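These notes concern the structure reproduced below.
Since every read-out is calculated from the coordinates, none of them should be taken as a lab result. The model shown is predicted, which means the values in this text are computed figures rather than measured ones. Cβ: placed from backbone, ideal geometry, glycine included. Neighbour counts: every protein chain shown.
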Amino acid sequence: MALESIQKHNVVDVIYEQMKKNIQDGLWEPGCKLPSEAELTATFQVSRVSVRSAVQKLRDLGVVVTHQGKGTYVTREVARYGSFSDNQPILHLSQEEFDDMRVFRQTVEFKCMELAVQNATDEDVKVLESALNRMLVSKDDYKKYSLADYDFHLAIVKASHNKVFIHVMESLKGIYVHYLEELNRVLGITLESVEAHIKVFMALKNRDASLAAETLNSAMTHNVHAIEDVRHN
């Protein structure tokens, strides 16, 4: 690593640690709007790039959230958790939201898999494969990965050719993408998750609804246990 890169990395860490301390000490309370990027740049006497990198680290941890055109705020979950560590991101999904989405997926998506096996065209399979490929090339960016992840599951629903299911899935895009982003940010994009999606794709391509449902159900069960671990740690 070049010296300039190391120095920049250290600057980002210093800014991040100070901002983190401001939040943990209550100087920036839950719900509080952070100083603007220009103000932080002036306060720390560093570049905007360094400030953005430090804020991104807090954002990935779930400690702050940025609302386009409004600014960056300390999340209210910080008060609920009391403290936070670099090793355990804060989950912005309530147990109810997580459970509701799980039941929705088990009810709608599993049925759509059955219908997709019966009704999917070659073009439907290509759209599903395209979404999967976008997931594979986005493994290092949980936001891009999550959007491709939603498109993958939307492609399954569209392959059912049931207009009501398709309308429901499309209308839930905001909620569904948020759910996926939280899982992928907090749990990480694991090899097991990637392999599960590949297995679901191959099962549907081979017109095997049982294997597709079994694979997805196993992945969702794993998420249930992983989320329980996050909440109890």
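Values as computed for the structure displayed
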{"read-out": "Ranked list, fewest to most other Cβ atoms within 10 Å of each Cβ, for VAL74, VAL103", "value": "VAL103, VAL74"}
{"read-out": "Tilt relative to the chain, helix 191-205 - C-alpha long axis, 0 to 90 degrees, to 10", "value": "20 degrees"}
{"read-out": "Region 103-119 residues near the modelled VAL168 label - backbone nitrogen below 15 Å, point 7 Å along Cα→Cβ", "value": "103-116"}
{"read-out": "Under 11 Å, Cβ to Cβ, from ASN162 - net charge with Lys/Arg +1 and Asp/Glu -1", "value": "+2"}
{"read-out": "Region 101-182, relative contact order in percent, only Cα pairs under 8 angstrom and at least six apart counted", "value": "38 percent"}
{"read-out": "Tilt relative to the chain, helix 3-24 - C-alpha long axis, 0 to 90 degrees, to 10", "value": "90 degrees"}
{"read-out": "Added length on full extension, which subtracts the Cα-Cα distance from 0.36 nm per residue, LEU27 to ARG231", "value": "70.9 nm"}
{"read-out": "Kirkwood hydrodynamic radius of region 20-76, from inverse mean 1/r over distinct Cα pairs, in Å", "value": "11.4 Å"}
{"read-out": "Greater than 23 Å apart at Cα, pairs in LYS21/LYS143; LYS139/LYS173; LYS33/LYS144; LYS111/LYS143", "value": "LYS21/LYS143; LYS33/LYS144; LYS111/LYS143"}
{"read-out": "Folded to 0 to 90 degrees: helix 209-232 orientation relative to the chain principal axis, Cα", "value": "20 degrees"}
